[in-house]
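See structure below.
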Amino acid sequence: MDHLPVEVIGNILSLLGSARDVVVASATCKKWREAWRSHLHSLSFNYCDWPLYHEYTSPRLEILITQTIFQTKALQFLTIFMDDDHEFSAAPVIAWLMYTRDSLRQLHYNVRTNPSFNIIEKCSRHRLEVLALARNSIVGVEPGYLKFPCLKSLSLSFVSISALDLSLLLSSCPKLETLAMVSPEIAISDSQASVELISVSLKNFHLELFSSDKFILDVDLLETLHLKDCTFEIFELVGKGTLKALKIDDVSVIHLDIGDGTENLEIIDVCNFTIMWPKFYHVISKASKLYKLRLWGVVFDDEDEVVDIETISVCFPQLRHLSLSYDLRDGVLHYGLQGLSCLKNVVVLELGWTVISDLFSVWVAGLLEGCPNLKKLVVYGYVSEVKTHEECQILARFSEFILQLGRKYGQVKFEFEYE
């Protein structure tokens, strides 16, 4: 250990993550203390890492963090994450940012701060590449002064910001590739009828727990779009056909427009969503490169609509992973087996039910027959705590049926996930 270069020791300490573990390890000897001061790259103050964080008062935590940070010289990754019981003063937080601004590349800050200050301004014009901000507000973005020349990833959780400031912030990040927002409080002025975000570099966009009448995302290079627990009247994506992954989870939207350039789509994951199948199919039908399709817990706008496997197999010849939830409405299967053609490339098949019936067995058998190269079948089911005699009989028949299928398709691995 004596022959290890001090830079290597600094890398070892940086991999520990937890600030408390780093401080304890640095007490090993003089050489390790030197590595901590001059070559430590990463520090994490996370209330989950040490129970005493819960017992310390906010002023004491501020002193502890200040003493620790100010003994380092080359900090690149800083995480400060405290529970809701703590609230930091602005002055020490500003001091931390000013001290590390020349070396810091990643900042994760999740602590309520009072009085509120423009943390974005203190982070700008430096080498920061990743910024994750939570439970704070952003006000008064000055596009002429505020610049993030290196920022590639921006995460805003439970952050208050106006639609104008958000737009100006994005324009100040010429290299931004990933934007994630969770429950943002976006203020819209009377002159603005919608939230409109424009970026020439954005590739990944995640939006969760948000409601808006109209949301416009104008991005040329977007590859991944993920909407979760959102409500819109209108959601419009303006792009140039670069989208590769579309994920929609528990979203309510009257008009969804993702454009006509869907030929590069590789993943479609739709969960707990009401769709008009003919219109939705028209949007995704050009995705000949699609290799993963998940329609889980979807509800069709028209009760008579049926998504037949024939359509899926013809339009998506490269499909390898197929996930379909079982939804029986008035005795009609939403995913028909009429004219089933060969899903020859599908190797993983996931099927699920919410209410078990004998038709589910017929559906499983039909899909297995259409997937000659299948390697894995996963069945997801919901079993209620109070089961009637009829439900018990159906479940017993299904179990017996699966045993028979297992003997017939010996090359397929069967898995079951019940809740």
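Below is a table of values for the structure above.
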read-out: FRET E, pair H54, R320, Förster distance 41 Å, beta-carbon r, rounded to 0.05; value: 0.30
read-out: Computed accessible area, I69, all protein chains, 1.4 angstrom probe, square angstrom; value: 0 Å²
read-out: Given charges at Cβ of Lys, Arg, Asp, Glu: the stretch 54-93 dipole, positive-most of V93, F70, M82; value: F70
read-out: Estimated FRET transfer efficiency (K289, V24; beta-carbon r; R0 45 Å; 0.05); value: 0.30
read-out: Gaussian network model of the chain, Cα within-10 Å springs - most flexible of Y109, Y56, Y380; value: Y56
read-out: Options (i) 26.5, 76; (ii) 35.5, 114; (iii) 21.6, 71 - which one matches Rg and Dmax of the Cα atoms in Å as calculated here; value: (i)
read-out: Expected 222 nm ellipticity per residue - DSSP helices of 4 or more, -39500 (n - 2.57), all of the chain, to 500; value: -8000 deg cm²/dmol
read-out: Chain lengthening between K344 and A187 when straightened (0.36 nm per residue, less Cα-Cα); value: 51.5 nm
read-out: Radius 11 Å from Cβ of R112, net charge of other residues (Lys, Arg +1; Asp, Glu -1); value: -3
read-out: Ordering of 6-16, 45-55 by burial proxy (mean other Cβ atoms within 10 Å per residue, highest first); value: 6-16, 45-55
read-out: Magnitude of the charge dipole, the chain, Cβ model with Lys/Arg +1 and Asp/Glu -1, debye to 20; value: 2260 debye
read-out: Efficiency of FRET between A74 and T178 - r from beta-carbon atoms, R0 22 angstrom, step 0.05; value: 0.30
read-out: log₁₀ of I(q)/I(0) at q = 0.15, 0.17 Å⁻¹ - the stretch 148-209, Debye sum with one point per alpha carbon; value: -0.43, -0.56
read-out: Residues with amide H under 5 Å from that of E350, placed H, sequence gap 5 or more; value: L322, S323, L324, V378
read-out: Approximate spin-label separation L395-R37, in nm, with each point projected 7 Å along Cα-to-Cβ; value: 6.6 nm
read-out: Whole-number accessible area per residue in Å² for the chain, which is evaluated in the context of all protein chains at 1.4 Å; value: 48 Å²
read-out: 15 Å reach of a label modelled at D2, 7 Å along Cα-to-Cβ, counting backbone N of the stretch 16-32; value: 29-32
read-out: In nm, spacing of pseudo-spin labels at V299 and N11 (7 Å Cα→C-beta vector); value: 5.5 nm
read-out: Rg/Rg_globular for the stretch 360-419, with Rg_globular taken as 2.2 N^0.38 Å and Rg from C-alpha atoms; value: 1.20
read-out: Simple spin-label estimate for D220 and T388 in nanometres, 7 Å along Cα-Cβ; value: 6.1 nm
read-out: Kirkwood hydrodynamic radius (C-alpha pairs) into Stokes-Einstein, the stretch 65-167, 25 °C and 0.890 mPa s, D in µm²/s; value: 175 µm²/s
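The values are calculated or read from the model by the stated rules, or taken from the named source; none is laboratory data. All of these numbers come straight from a predicted model, not from anything done at the bench. Reconstructed Cβ throughout: ideal geometry from the backbone, glycine too, with neighbour counts over all protein chains shown. Just so you know, the surface numbers come from the protein's heavy atoms only, side chains and all, with ligands and any DNA or RNA stripped out. Shrake-Rupley method; radii C 1.70, N 1.55, O 1.52, S 1.80 Å.
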